[in-house]
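Colleague: Right, I'll just put the structure down here and ask away after.
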């Protein structure tokens with residue numbers, strides 16, 4: 001007998017019929033002899049409806065009161081799902097975040113979970129009940145209702161699984177697993193049977209938005225095996241797990257990409273200690289997030305060239321700031337390009353395989369794709385290229401690393 | 001500076017505009033120097049919407065889960081009203097029933113309040129905030145969400161007022177006070193400036209449904225002055241208070257009536273101890289509520305005639321049962337009439353004024369109204385008459401006791 005935490009998002013519980021379908025899935029898991037805890041989101045559309053209502057009344061809704069308001073969405077779902085389970089002969093009991101003491105800090109609308117008291121849930125499980133918990137919400141030390149921010153139900157599920165020492169945390173979503181890359185770009189993209197937490201983190205932050213990053217971090221930190229699978233189709237999904245020493249790793253696991261990059265460069269900056277801060281300080285003061293950063297010594301060696309990327313929406317604002325900085329630092333020029341994309345290969349296999357980077361660059365170059373910037377980490381290599389090369393670049397790398405064949409996994 | 005608890009029902013908070021109007025009323029009370037606690041219901045229609053959703057899923061919705069579901073209705077309102085108050089510069093903070101520890105028994109959907117912890121509310125009031133509390137809901141000893149049953153927000157307001165030792169509990173409703181009788185029957189009906197708890201209880205249970213009876217009982221028990229007033233019009237409403245010795249009481253305060261009476265009679269029952277139970281036991285076993293009961297010794301003195309009233313909807317069922325009983329007891333006959341109404345005069349002034357009953361009977365007889373049954377209590381006299389006399393009877397008594405003139409009050 002295993003203890004499983006299942007999480008169903010807003011689309012999966014978006015109507016009475018879908019709630020009934022979820023109840024059948026939950027019951028099936030219980031009938032197979034498992035203890036089951038279910039974490040659910042608000043029915044799709046509900047949260048937005050409540051937010052719209054609040055904005056009619058007060059455009060700057062108080063964060064504390066917003067949390068009181070929108071946490072009702074999940075509370076409706078837990079009651080309805082429990083009733084649907086009871087209807088088909090499956091004993092069930094619902095709990096709000098507050099009722100199972102999902103203790104968070106007091107950062108309303110983006111609170112972080114600090115502790116969960118699993119005692120009451122454990123007692124229900126032992127009594128043979130399915131326990132249905134409201135995702136996305138908790139309470140702070142004062143007993144005020146908090147929410148974890150959009151997508152926070154994933155985090156709730158993982159935190160529940162950690163607190164209960166569950167055997168597996170299953171995240172049901174509208175995709176049937178994690179793919180080697182986006183199938184809309186590369187039709188040969190293949191579902192991965194497993195992926196490591198570290199790879200998943202790199203994939204998620206790079207644009208393969210299957211799971212909330214925080215949930216994956218949480219799962220990694222608390223050793224909770226995580227499985228992504230489809231609410232609507234049968235299948236095993238993708239298991240996100242720890243790297244096993246014995247595992248014969250593929251060189252790389254997947255190809256992530258990000259369409260909305262803009263590149264900014266400041267040329268001929270007199271080089272002295274602290275210049276990076278002088279350039280990036282004003283950008284971050286303007287609340288613009290900087291992604292990749294590359295610095296080169298210029299030909300004359302007394303000046304430096306400095307390049308970084310931002311989200312395309314921030315491009316104009318960032319360029320204006322950079323031009324002011326260029327003047328005050330006596331740099332030669334500030335310029336940029338907002339038609340860039342980032343492509344990354346991700347894989348823990350890189351650690352044990354040499355020459356991955358050169359294999360990547362060779363593949364891109366063989367297709368005439370010019371690389372603008374390069375950035376590497378232990379399990380990831382990213383390149384910035386012109387946006388016209390996005391599809392070609394992804395497909396080229398997918399083939400170069402044989403991601404379409406099962407053997408590579 | 002006074003501490004006031006205000007309660008607004010579902011119609012009063014039924015739209016964004018109405019919530020904003022309530023916020024203005026609350027702010028006005030605070031601007032006059034009062035500390036204000038507001039208890040609100042779900043926006044009108046919400047509770048029924050949620051119940052319909054539940055019934056789609058499970059016709060016999062588990063009471064525990066139903067309470068989890070429908071308690072979200074008030075939670076939405078408290079958040080929206082708090083935001084509306086903040087919007088107009090009035091600091092406010094919302095609390096669910098659980099958050100202010102409105103402790104109830106575990107009778108889901110009809111729980112009774114056992115205790116309220118006013119400490120947190122008190123601290124907010126001292127900090128200058130308006131406190132907005134969800135009506136109708138509480139938590140039991142296990143931390144499960146409970147609801148008090150329809151209209152329970154009145155009870156919440158009175159219980160909050162009692163716990164906080166408030167100076168007044170104001171119930172805002174769609175009528176502007178308690179009237180001497182229903183103005184739709186007698187256009188000369190007049191709003192009472194004050195009425196005693198006992199009178200109010202008799203009026204409410206007799207069909208003048210302004211307030212939930214339980215709330216009035218609660219207010220009486222905990223010495224909370226209660227005021228009924230209109231959400232939509234200005235005015236002082238009606239103060240429900242204790243009888244003051246110095247008060248010059250009118251003979252009677254109001255005329256209540258009940259349209260839906262049916263009368264049942266069993267004639268010629270052999271009289272012996274326990275016969276009343278033998279007659280009424282089977283009726284109450286069938287879950288039929290009996291209202292008035294009258295027993296007469298029949299002419300021959302060895303048998304008795306027994307008459308009682310039930311709600312018109314229960315008439316046929318009750319008559320069937322009574323006919324069976326008549327046979328088994330060897331009574332002469334069981335018969336009935338489901339076209340009856342009850343008219344009552346209510347007033348604590350009866351205690352100190354003799355001859356009220358005869359004045360009532362005289363007034364009715366002068367209009368040719370035949371009285372079928374009579375029942376009296378310390379502050380109420382009720383008669384059952386044919387339904388065709390309802391309007392005439394009410395108007396006749398309203399005039400006979402000069403209820404249209406201010407002087408009578």
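The values are calculated or read from the model by the stated rules, or taken from the named source; none is laboratory data. Computed from a predicted structure; not experimentally measured. Using ideal geometry, Cβ is built from the backbone for each residue, glycine included, and neighbour counts are taken over all protein chains shown.
Colleague: Please go through the range B:167-177 and give me each residue that is modelled with pLDDT of 90 or more and closer than 20 Å to residue B:41 by Cβ, ordered by number. Please lay out each step first, then the result.
Modeller: Taking the range B:167-177 first, the residues modelled with pLDDT of 90 or more are B:167-172.
Those that are modelled with pLDDT of 90 or more and closer than 20 Å to residue B:41 by Cβ: B:168, B:169, B:170, B:171, B:172.
Colleague: OK, next. Determine whether residue B:23 is within 28 Å of the chain's Cα centre (by Cα), farther than 22 Å from residue A:46 by Cα and facing another protein chain (nearest Cβ under 10 Å). Before the answer, list the steps.
Modeller: Details: within 28 Å of the chain's Cα centre (by Cα): yes; farther than 22 Å from residue A:46 by Cα: yes; facing another protein chain (nearest Cβ under 10 Å): yes.
Answer is yes for this residue.
Colleague: In the range B:58-71, which residue that is modelled with pLDDT under 95 and facing another protein chain (nearest Cβ under 8 Å) is surrounded by the fewest Cβ atoms within 10 Å (Cβ to Cβ)?
Modeller: B:58
Colleague: Can I ask one more? Would you say residue A:120 is at the interface with chain B (Cβ under 9 Å from one of its Cβ atoms), surrounded by fewer than 19 Cβ atoms within 10 Å (Cβ to Cβ) and assigned to a helix (DSSP H, G or I)?
Modeller: Numbers: at the interface with chain B (Cβ under 9 Å from one of its Cβ atoms): yes; surrounded by fewer than 19 Cβ atoms within 10 Å (Cβ to Cβ): yes; assigned to a helix (DSSP H, G or I): yes.
Yes: the conditions hold for residue A:120.
Colleague: Please verify whether residue B:76 is in a strand (DSSP E or B) and in contact with a helix residue (DSSP H, G or I) (Cβ under 7 Å, 6 or more places away or on another chain), treating the condition exactly as stated. Outline the logic, then answer.
Modeller: Details: in a strand (DSSP E or B): no; in contact with a helix residue (DSSP H, G or I) (Cβ under 7 Å, 6 or more places away or on another chain): yes.
In short, no.
Colleague: Would you check which residues across the range B:26-46 are within 12 Å of another protein chain (Cβ to nearest Cβ) and not in a loop (DSSP other than H, G, I, E, B) and list them?
Modeller: Here is the first cut: in the range B:26-46, the residues within 12 Å of another protein chain (Cβ to nearest Cβ) are B:42-43, B:46.
If the condition is that a residue be within 12 Å of another protein chain (Cβ to nearest Cβ) and not in a loop (DSSP other than H, G, I, E, B), then B:46 is the only one that fits.
Colleague: Restricting attention to the range B:277-299, which residues are in contact with a strand residue (DSSP E or B) (Cβ under 8 Å, 6 or more places away or on another chain), surrounded by fewer than 14 Cβ atoms within 10 Å (Cβ to Cβ) and in a loop (DSSP other than H, G, I, E, B)?
Modeller: Of the range B:277-299, the ones in contact with a strand residue (DSSP E or B) (Cβ under 8 Å, 6 or more places away or on another chain) are B:279-280, B:283-284, B:288-298.
Adding the requirement that they be surrounded by fewer than 14 Cβ atoms within 10 Å (Cβ to Cβ) leaves B:284, B:289, B:296-297.
Scanning the range B:277-299 gives a single hit, B:289.
Colleague: Of all residues in the range B:128-165, which are surrounded by fewer than 24 Cβ atoms within 10 Å (Cβ to Cβ), within 22 Å of residue B:23 (Cα to Cα) and in contact with a strand residue (DSSP E or B) (Cβ under 8 Å, 6 or more places away or on another chain)? It would help to see each step written out before you state the result.
Modeller: Initial filter on the range B:128-165 (surrounded by fewer than 24 Cβ atoms within 10 Å (Cβ to Cβ)): B:128-129, B:140-144, B:149-151, B:162-165.
When the remaining residues are screened for being within 22 Å of residue B:23 (Cα to Cα), the result is B:128-129, B:151, B:164.
Those that are surrounded by fewer than 24 Cβ atoms within 10 Å (Cβ to Cβ), within 22 Å of residue B:23 (Cα to Cα) and in contact with a strand residue (DSSP E or B) (Cβ under 8 Å, 6 or more places away or on another chain): B:129, B:164.
Colleague: Right, another one. Determine whether the range A:325-338 contains at least one residue that is closer than 18 Å to residue A:287 by Cα, surrounded by 14 or more Cβ atoms within 10 Å (Cβ to Cβ) and free of Cβ contacts under 8 Å to residues at least 24 places away in the same chain. Walk me through it before giving the result.
Modeller: Going through the range A:325-338, the residues closer than 18 Å to residue A:287 by Cα turn out to be A:325.
Now drop any that are not surrounded by 14 or more Cβ atoms within 10 Å (Cβ to Cβ), which leaves A:325.
Cutting the leftovers down to free of Cβ contacts under 8 Å to residues at least 24 places away in the same chain gives us none.
Taking every residue of the range A:325-338 in turn, none turns out to be closer than 18 Å to residue A:287 by Cα, surrounded by 14 or more Cβ atoms within 10 Å (Cβ to Cβ) and free of Cβ contacts under 8 Å to residues at least 24 places away in the same chain.
Colleague: Here is a follow-up. Answer yes if at least one residue in the range B:213-232 is closer than 30 Å to residue B:162 by Cα, modelled with pLDDT of 90 or more and part of a loop (DSSP other than H, G, I, E, B), and no otherwise.
Modeller: So far as the range B:213-232 goes, yes, one or more of its residues are closer than 30 Å to residue B:162 by Cα, modelled with pLDDT of 90 or more and part of a loop (DSSP other than H, G, I, E, B).
Colleague: Select from the range B:75-115 the residues that are within 27 Å of residue B:32 (Cα to Cα) and more than 7 Å from chain A (Cβ to nearest Cβ) and list them in ascending order. Break it down into steps so the answer makes sense when it comes.
Modeller: Going residue by residue through the range B:75-115, those that are within 27 Å of residue B:32 (Cα to Cα) are B:77-96, B:100.
Of everything in the range B:75-115, those that are within 27 Å of residue B:32 (Cα to Cα) and more than 7 Å from chain A (Cβ to nearest Cβ) turn out to be B:77, B:81, B:85, B:88, B:89, B:90, B:91, B:92, B:93, B:95, B:96, B:100.
Colleague: Still on this structure, please answer the following. It is to be established whether one or more residues within the range B:130-152 are within 30 Å of residue B:89 (Cα to Cα), in a helix (DSSP H, G or I) and at pLDDT 95 or above.
Modeller: The answer is no, given that none of the residues of the range B:130-152 is within 30 Å of residue B:89 (Cα to Cα), in a helix (DSSP H, G or I) and at pLDDT 95 or above.
Colleague: Something else about it: Mind listing whichever residues of the range B:7-20 are more than 21 Å from the chain's Cα centre (by Cα) and either farther than 13 Å from residue B:38 by Cβ or more than 14 Å from chain A (Cβ to nearest Cβ) (or both)?
Modeller: Selection gives B:14, B:15, B:16, B:17, B:18, B:20.
Colleague: Could you tell me whether the range B:76-84 includes any residue that is without any contact (Cβ under 8 Å) to a residue 60 or more places away in the chain and either under 24 Å from the mean Cα position of the chain (by Cα) or more than 16 Å from residue B:19 (Cα to Cα) (or both)? So that I can check it myself, show each step before the final result.
Modeller: Taking the range B:76-84 first, the residues without any contact (Cβ under 8 Å) to a residue 60 or more places away in the chain are B:76, B:78-79, B:82-83.
Adding the requirement that they be either under 24 Å from the mean Cα position of the chain (by Cα) or more than 16 Å from residue B:19 (Cα to Cα) (or both) leaves none.
Within the range B:76-84 (the criterion being without any contact (Cβ under 8 Å) to a residue 60 or more places away in the chain and either under 24 Å from the mean Cα position of the chain (by Cα) or more than 16 Å from residue B:19 (Cα to Cα) (or both)), the answer is no, since none of the residues qualifies.
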